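In what follows, a single structure is set out as structure tokens and then discussed.
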Amino acid sequence: VDNFQLIDSTLREGEQFANAFFTTEKKIEIAKALDDFGVDYIELTSPVASEQSRKDCEAICKLGLKAKILTHIRCHMDDARVAVETGVDGVDVVIGTSKFLRQYSHGKDMNYIAKSAIEVIEFVKSKGIEIRFSSEDSFRSDLVDLLNIYKTVSKIGVNRVGIADTVGCANPRQVYELVRTLKSVVNCDIECHFHNDTGCAIANAYTALEAGARLIDTCVLGIGERNGIVPIGGLMARMIVAAPDYVKSKYKLHKIRDLELLVADAVQVNIPFNNPITGFCAFTHKAGIHAKAILANPSTYEILNPHDFGLKRYIHFANRLTGWNAIKSRVDQLNLNLTDPQIKEVTSKIKKMGDIRPLNIDDVDSIIKEFHAEINTPAL
Ligand code: HCA
Ligand code: CU
């Protein structure tokens, strides 16, 4: 798993998020931030979606970013002809292969799909541009149909083939099997696109890499159609555990928070409280037992190191689950001098108060300060 690449689709899939409306300036700002973070590819909305989409695509191609710029089109010559004129480095082509999409969306059979795929691929290649062929709704497509079309496109030669869990129905075992099988019939890189309807997107992405896929589609905060796709931050959390050196050297992890804030603001959502890495409590330790161990060695209760992301851990000591080790560290921070037995005594006062009502830091600090003042007042 330690040579994977990211195709960020915040400016394509992410534009399909209910709240998304990106101005040209905002798209440029997001593209630059993604590039700075270190994504390998940035995927943009199809230039045939609208006139402004086409202009924005051209504008982003002109920025001269390190990341390669892709646009995403239907498997159709009308789209391909426009796409190759935008200045993109590559074109991602997709066509629905499941019976649902063949029946209710484009109404074409597998022969037609193969014919148009060949035409579009050869055309894009003739322009010296990267090409990826992907099947929409891969996990509800007939496996024989699917492998046949991939064999066909792989024979003509494509840079990548993609599979897409368009409805978020796949589980990790199915992903592992499909990627393995696909790997045995194609001779190019495999890209995967996972929706998160059933909460498996990150797990599926990880499993796909384990099975031999090379590229994962992500969006900042996982925004996208319905409840979205693999979030780039959550995937980083998973991958830093699996491939720490690769992830730390390749991506500017301390920029994750700003990247997420930029997109959250653009689409008017908050960073979810339980977001990996940047959720407000992602590095907050609360129970006394946890706090004690964290103070001794953070790895006891942390698989991620907040410093890797430019963040800090926090010991939540103002509550009734607190313990004297946490309070001791607060006493030290306040520059007060108390013996261990005294700290234990004040801790029990704090816990008593915490049984009555929620506490905040000020509450705890004043209990500590009062206690300290009392014991330092000479008896009359
Ligand atoms: C969609 C298309 C897509 C394409 C994925 C891909 C999907 O339904 O909007 O190009 O790999 O989820 O199938 O986003
Ligand atoms: Cu999608």
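Structure values in brief
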quantity	calculated
Burial ordering of 181, 97, fewest other beta-carbon atoms within 10 Å first	181, 97
Nitroxide proxy distance, nm - points 7 Å out along Cα→Cβ at residue 363 and residue 185	6.2
Gaussian network model of the chain, Cα within-10 Å springs - most flexible of 272, 358, 306	358
Under-5 Å amide H pairs with residue 315, H placed in peptide plane, nonlocal only	285
Exposure proxy ranking, count of Cβ atoms within 10 Å, fewest first, for 51, 122	51, 122
Distant-in-sequence amide H partners of residue 194 (H built 1.01 Å from N, under 5 Å)	165, 217, 230
Alpha-carbon centroids, region 110-133 and region 208-266: separation in whole Å	29
Ellipticity estimate at 222 nm from DSSP helix runs (n ≥ 4, -39,500 (n - 2.57)) divided over the chain, nearest 500	-14000 deg cm²/dmol
Residue with peak Gaussian network fluctuation, the chain [Cα springs, cutoff 10 Å], from 297, 325, 335	335
Residue-wise HN-Hα coupling along region 214-223, computed from phi with Karplus coefficients 6.51, -1.76, 1.60 (Hz; x: Gly, Pro)	10, 10, 10, 7, 10, 9, 5, 6, x, 5
Mean Cα-pair separation over length for the chain, i.e. relative contact order, pairs under 8 Å, 6 or more apart, %	14
Given 13 as the ceiling on other Cβ atoms within 10 Å, longest exposed-site-free region of the chain for chymotrypsin sites (Phe, Trp or Tyr not before Pro) in DSSP loops	22-272
Positive-pole candidate from 166, 279, 333, dipole of the chain, charges at beta carbon	333
Total charge dipole magnitude, region 286-380, about the Cα centre, Cβ charges on Lys, Arg, Asp, Glu only, Debye to nearest 20	240
Selection of trypsin sites (Lys or Arg not before Pro), region 280-380, meeting DSSP coil and at most 14 other Cβ within 10 Å	312
For residue 131, distant residues with modelled amide H under 5 Å away	91, 159, 160
Residues of region 49-76 with amide N under 19 Å of the 7 Å Cα→Cβ point at residue 23	51-60
Two-site FRET efficiency, residue 246 against residue 36, from Cβ-Cβ distance with R₀ of 25 Å, rounded to 0.05	0.85
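Here, each number is a calculation from the coordinates, and none is a lab measurement. Remember, it's a predicted structure, so these values are computed and weren't measured experimentally. Cβ sites come from the backbone with ideal geometry, for glycine too, and all protein chains shown count toward neighbours.
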